[in-house]
1. Once you put a point 7 Å from the Cα of ALA364 and another 7 Å from the Cα of GLU87, both along the Cβ direction, what distance in nm separates them?
2. Past 22 Å, Cα to Cα, is the threshold; run LYS270/LYS345; LYS96/LYS182; LYS270/LYS331; LYS70/LYS345; LYS308/LYS331 against it and keep the listed order.
3. Taking each pair of distinct Cα atoms in the chain once, what is the resulting Kirkwood hydrodynamic radius in Å?
4. Compare the peptides 420-427, 154-161 by average per-residue count of other Cβ atoms within 10 angstrom and give them in order, highest first.
5. In whole angstrom, note down how far apart the Cα centers of segment 302-353 and segment 389-458 are.
6. Any idea how far apart LYS308 and ASP115 come out in nm if each label point goes 7 Å out from Cα toward Cβ?
7. Sketch the reach of a paramagnetic label on HIS284 as a point 7 Å from Cα along Cα-to-Cβ, and name the residues of segment 219-244 whose backbone nitrogen lies under 20 Å away.
8. Any idea what log10 I(q)/I(0) is at q = 0.13 Å⁻¹ for segment 102-204, Debye with uniform C-alpha scatterers and no solvent?
Amino acid sequence: MSQIENSNSSRREFLKHSGRAAAATTILASAAPKVFAGEDNTIRLALVGCGGRGTGAILNAIEAKNGPVKLVAMADVFEKRLDFSYEHLINKDIIKSQGNLLVDVPEDQKFIGFDGYKKAMDCLRPGDVVVLGTPPGFRWVHFTYAIEKGLNVFMEKPVTVDGPTSRRMLELNKKAIEKDLKVGVGLMCRHCEARQELFERIQGGEIGDITMMRSYRLAGLTGSAAVGPKPEGANELLYQISNFHAFLFLSGGAVSDFLIHNIDESCWMKDAWPVKATAIGGRHYRGDSVDQNFDSYAIEYTFADGTKLFMDGRTMPGCHSEFAGYAHGSKGLAVISSAGHSPAKCRIYKGHNMDKENLQWSFAARESSPYVLEWFDLLDAIRKNKPYNEVERGTMASLVTSMGRMAAHTGQVITLDQMMNCEHEFAPGIDKLTMESPSPLPADKDGKYPIPYPGIIKKQEYLS
Ligand SMILES: NC(=O)c1ccc[n+]([C@@H]2O[C@H](COP(=O)([O-])OP(=O)(O)OC[C@H]3O[C@@H](n4cnc5c(N)ncnc54)[C@H](O)[C@@H]3O)[C@@H](O)[C@H]2O)c1
């Protein structure tokens, strides 16, 4: 049995026998070096960015049942978001049934404002875990303080939005590695057992040499990618944060937020990062939207050996929908994902048609949630003091995604080197924002934000 298969089957066992898992890991943990805080082996969590995903990540940490965890502090820029998240969590059956054992956040450990992240992390001890669930524009700021405090981290994807923040993240991560901090990045598909087995099969030659890959995230309106003008009297920065997919300095836009998983899983199967990208894209129905996104993107990535990955993304109602990824090889076709993130339903076909009679392999077991598996793996590394740091991989995935976006937005061929060395930082000084700060991306006199002009603005994605 390979190493991956071995660790997967033990993960499956843990997840299946969750009660036993909790007891077993407590015993294991007490025998292992003590790399997490708390006399009782409880790993304490703080949540920074209490939105949909941050709240979900806390639940996943609990569902992983890899020893005791407890949420003790929360921070957000909106009180209502924090309150909603807290109420949602304490009313979940799995949490409610255990009193305040899993979520125990007193009022004085709930923090509102741009400096809330520091206060929430100050409630933890070295070895505990901070969950970074804000828009990615703030990731490097929050990671800096987590490293200073000696905290383990779970950070959502993307982890950077442009060239300068990618370089900064890689540099920062050297300190995290020096301190042996365990850092998970929310590219959860990497933890999916079906994709892990598919990777081994592809590397083992089952589809021959990969000759071409293609991936699609074609949907209707998605998140806040297209957004109308700021309501009269609203705080501009907070309006932008509430609609963060619309603004590149916060999210990297629709490409970075929505396409990164597809791009990352394809690059994983190829076991390489592409060296350049060309892309086309446009905005068909702008209406009164003031965001910075196109509504369709077609990116062509090229790997060092010349192999191509074609990535299509669209957020336009009424069109064909597809959310899937494929790798074509000299012997056949691999389905990397079928309809969203999970279940992946990975398969291998002889030839390039997905006909039943050509099916050569499909993942046999029921797929566990990759959102829970990524937490199982992070907690396992913390409890057993195993090296665990996904930041470099997460940064490269973020950078490669930005490379495709920049190629579309400028209309130029963008190389990985160019993207890495790009000097356009979308929001210098984002670490100094307060509730009263002007936005790093102010609207013009008509309430509109700067948009890309491919072929006209060529050296950076927009002028501000
Ligand atoms: N892995 C996945 O499948 C997945 C799915 C959804 C979202 N995400 C990622 O999770 C992140 C958040 O996405 P979401 O959908 O939960 O968004 P969201 O808007 O629901 O949540 C973000 C929260 O962060 C808060 N926030 C913003 N700036 C802050 C700051 N400086 N300090 C403290 N709080 C701040 C917002 O008020 C909001 O409550 C994004 O990076 C997104 O790409 C990942």
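Derivation of every value follows stated rules applied to the coordinates shown; laboratory data play no part. Given the structure is predicted, the values throughout are model-derived calculations rather than measurements. Methodologically, a virtual Cβ is constructed for each residue, glycine included, from the backbone with ideal geometry; neighbour enumeration extends over all protein chains shown.
1. Computed distance between label sites ALA364 and GLU87 equals 4.8 nm.
2. Pairs exceeding 22 Å: LYS96/LYS182; LYS70/LYS345.
3. Over the chain, the inverse of the mean reciprocal pair distance is 22.8 Å.
4. Highest-to-lowest ranking by the protection proxy: 154-161, 420-427.
5. Each part reduced to its Cα centre gives a spacing of 27 Å.
6. 5.3 nm
7. Under cut-off, by backbone N: 219-228.
8. Here log10 of I(q) over I(0) equals -0.56.
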